[in-house]
1. Looking at (1) within 23 Å of ARG239 (Cα to Cα); (2) in contact (Cβ under 8 Å) with a residue 40 or more places away in the chain; (3) not polar (S, T, N, Q), which one does ALA4 not meet, given that it meets all the others?
2. Taking the conditions exactly as written (in contact with a Phe, Trp or Tyr (Cβ under 7 Å, 6 or more places away or on another chain) and part of a strand (DSSP E or B)), does VAL312 satisfy them or not?
3. Can you find a residue that is modelled with pLDDT of 85 or more and either of a type in the set (Gly, Ala, Ser) or more than 17 Å from ARG303 (Cα to Cα) (or both) anywhere in region 261-274?
4. Of everything in region 159-174, what is free of Cβ contacts under 8 Å to residues at least 60 places away in the same chain and not basic (Lys, Arg)? Give them in sequence order.
5. The conditions are (1) under 20 Å from PRO262 (Cβ atoms); (2) in contact with a Ser or Thr (Cβ under 6 Å, 6 or more places away or on another chain); (3) crowded, with 22+ Cβ neighbours inside 10 Å, and VAL185 fails exactly one of them. Which is it?
6. What tally of residues in region 305-324 results from selecting those that are farther than 16 Å from TYR253 by Cβ and either surrounded by 18 or more Cβ atoms within 10 Å (Cβ to Cβ) or touching a residue at least 12 places away in the same chain (Cβ under 8 Å) (or both)?
7. Working only within region 9-28, note down all residues that are surrounded by fewer than 16 Cβ atoms within 10 Å (Cβ to Cβ) and either basic (Lys, Arg) or in a strand (DSSP E or B) (or both).
8. Looking at (1) buried (at least 22 other Cβ atoms within 10 Å of the Cβ); (2) under 29 Å from SER327 (Cβ atoms), which is the only condition LEU218 fails?
Amino acid sequence: MSEAPILRVQGLIKHFPIYKGFFRRQVGSVKAVDGLSFDLGRGETVAMVGESGCGKTTAGRAILRLVEPDGGHVWFRGRDLPTVGEAELRGLRRHMQIIFQDPFSSLNPRHTIAQIVGRPMLLHGLASDAADAEQKVKELMVKVGLQPAYSSRYPHEFSGGQRQRIGIARAVALQPDFMVCDEAVSALDVSVQAQVINLLSDLQQEMGLSYLFITHDLSVVRHLADQVVVLYLGQLCERASRSALFSAPRHPYTQALLSAVPHPEPGRKRKRVILQGDVPSPIAPPPGCRFHTRCPLAHGRCRVEEPAEHSVAPGHVVRCHLYEGRSEPVDIAGPLPAGVQP
């Protein structure tokens with residue numbers, strides 16, 4: 001990227017304490033996010049992928065300080081968000097928004113759409129009065145593909161896809177620079193998913209938005225993302241451009257995820273990789289590499305020593321012992337590379 005990233009995340013940590021007993025003594029913690037780092041360029045989309053429970057949603061909310069991070073840095077508009085006070089954070093919130101996963105629970109059922117979308121504009125001074133806010137809401141309704149007259153209705157009068165469009169209208173109402181899309185299409189029908197994805201792409205082009213797109217659907221990632229971050233048990237496994245990740249995935253976990261994506265050409269079949277075992281508990285992650293309990297290529301070092309992040313190409317980072325001093329892809333379904341002790 002020629003210019004500084006709009007968002008820089010360095011070593012982000014979020015652990016949730018576990019309390020037990022009458023005196024509520026802490027007996028452990030859920031390591032939801034454990035040392036996550038990545039950059040998001042202006043006008044770009046970073047997709048964050050991984051299995052359910054790997055920490056994607058927690059990472060997005062910790063970046064926005066919807067949950068307080070326990071460590072690390074989040075640089076946005078020249079400020080380290082975990083260190084700013086409440087008054088300054090309130091001003092920064094206008095420039096960073098979120099689209100929630102569930103369109104049925106993220107809208108207040110007691111408010112009309114005009115109130116849901118218009119009130120933030122009044123609070124942040126983007127509308128002079130209620131009439132101005134109502135006019136701007138109607139313009140936003142048209143922009144997201146809804147009738148302006150619908151602004152007087154309540155959320156229960158809309159379908160899931162329409163509610164998600166309302167959530168998008170609420171997010172872009174404050175003209176933000178950065179948006180977290182937390183599984184923004186996973187609760188929608190496939191046909192509606194395509195419409196919402198196209199809408200997000202159009203808004204990005206029109207408004208110069210930067211997206212952190214949290215999803216487990218790799219077909220959406222292929223269509224929308226510029227960069228991809230792969231998480232497993234709260235840690236980064238691989239970070240690369242979309243083209244590099246899909247053409248030459250390095251980490252065994254990334255290869256397993258991609259092997260599950262159906263190929264668009266019926267005659268061509270991809271070698272399917274079936275991971276054995278269950279995802280370990282984030283309360284007590286395994287020592288060494290967190291993926292070693294399910295990795296067919298795990299060797300002695302993987303079980304005792306946590307791997308560092310290795311750069312295998314410009315902008316392509318892998319957390320795996322197999323890539324220490326090596327850049328060529330290692331096939332998860334193949335043998336261990338020469339020189340690696342089992």
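1. All conditions pass for ALA4, except number (2).
2. Here the answer is yes, as VAL312 does meet what is asked.
3. no
4. SER159, GLY160, GLY161, GLN162, ALA169, ALA173
5. Among (1) under 20 Å from PRO262 (Cβ atoms); (2) in contact with a Ser or Thr (Cβ under 6 Å, 6 or more places away or on another chain); (3) crowded, with 22+ Cβ neighbours inside 10 Å, VAL185 violates only (2).
6. Going through region 305-324 one residue at a time, the tally reaches 5.
7. Within region 9-28, GLN10, GLY11, PHE16, PRO17, ILE18, TYR19, LYS20, ARG24, ARG25, GLN26, VAL27, GLY28 meet the criteria.
8. Result: LEU218 passes all but (1).
The values are calculated or read from the model by the stated rules, or taken from the named source; none is laboratory data. All of these numbers come straight from a predicted model, not from anything done at the bench. All Cβ positions, even for glycine, are placed from backbone atoms using ideal geometry, and neighbour counts span all protein chains on display.
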